[in-house]
Amino acid sequence: MHFIALASLALASVASAENIIITVGGNGTTTYSPSSVTANLNDTVTFQFVAGNHTATQSTFAAPCTNKPGGVDSGFQSVAAGATQIPQWSFTMNDTSQPLWFYCMQTGHCGKGMVFSVNAPSSGNTFDAFQTAAKKTANTTSAPSGALVTRTSAGLLAAAAGVVAGLLL
Ligand SMILES: [Cu+2]
């Protein structure tokens, strides 16, 4: 009986998690749409790369166009014109105590304001302030070697989420 109660709780927890879809590069633009979202613990944030060659790379508010050491990164996701399948990359929210900041690593895109945030505050370090800072950054980042291999879900955050779920069970 005890086990059944716990199992029900786990199922309820899974059912409440949302999958938040972000369209990357829609209509040939250098955008994430939407560019700023709110996510709860255990929600999944999924990037769908519909055109071009972009990344979703974690950065920091202080350095919008520089990858965060130990952060998550989709790697470059190139989509050929007329492709019938598009790459998708996702991570799970295992910590909502701080906002998450992302940018596109493709040369010049961050400087055009191609940035994204999760749970950005409504005052102070807002998404708009982050994007403004990104546009002031001279972005000369080019493709790191081997970036194309990263096509599936982010190991770090997903794995950490698994640990949290394990503790709850
Ligand atoms: Cu881009």
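Quick one: is G70 out of contact with any helix residue (DSSP H, G or I) (no Cβ under 6 Å at 6 or more places or on another chain) and more than 16 Å from the ligand (Cβ to nearest atom)?
So G70 fits the description; yes.
Specify the residue that is farthest from F49 (Cα to Cα); the eligible residues are those in region 110-125 that are assigned to a loop (DSSP other than H, G, I, E, B) and either within 16 Å of the ligand (Cβ to nearest atom) or acidic (D, E) (or both).
Ranking the candidates gives G113 first.
Going by what's in this entry, would D128 be described as among the charged types (D, E, K, R) and in a loop (DSSP other than H, G, I, E, B)?
No, not satisfied.
Can you tell me how many residues within region 76-95 are exposed (fewer than 11 other Cβ atoms within 10 Å of the Cβ) and either part of a strand (DSSP E or B) or on the phi < 0 side of the Ramachandran plot (or both)?
4
Might you check whether a residue that is assigned to a loop (DSSP other than H, G, I, E, B) and modelled with pLDDT of 90 or more occurs anywhere in region 134-157?
Checking region 134-157: at least one residue is assigned to a loop (DSSP other than H, G, I, E, B) and modelled with pLDDT of 90 or more.
Out of the residues in region 47-57 meeting the condition of being crowded, with 23+ Cβ neighbours inside 10 Å and not aliphatic (A, V, I, L, M), tell me which one is nearest to the ligand (Cβ to nearest atom).
H54
How do the pairs read when you match residues in region 91-120 that are over 17 Å from D73 (Cβ atoms) with residues anywhere that are within 11 Å of the ligand (Cβ to nearest atom) and polar (S, T, N, Q), using Cβ under 7 Å and keeping only pairs 6 or more apart or on different chains?
Taking only residues 6 or more apart or on different chains, the pairs are G108/N139; G111/N139; K112/T30.
Of the numbered conditions (1) more than 16 Å from the ligand (Cβ to nearest atom); (2) at pLDDT 95 or above; (3) not acidic (D, E), T84 satisfies every one except a single condition; which is it?
(2)
The values are calculated or read from the model by the stated rules, or taken from the named source; none is laboratory data. Only a predicted model underlies this, so the values are computations on that prediction, with no experimental measurement involved. Using ideal geometry, Cβ is built from the backbone for each residue, glycine included, and neighbour counts are taken over all protein chains shown.
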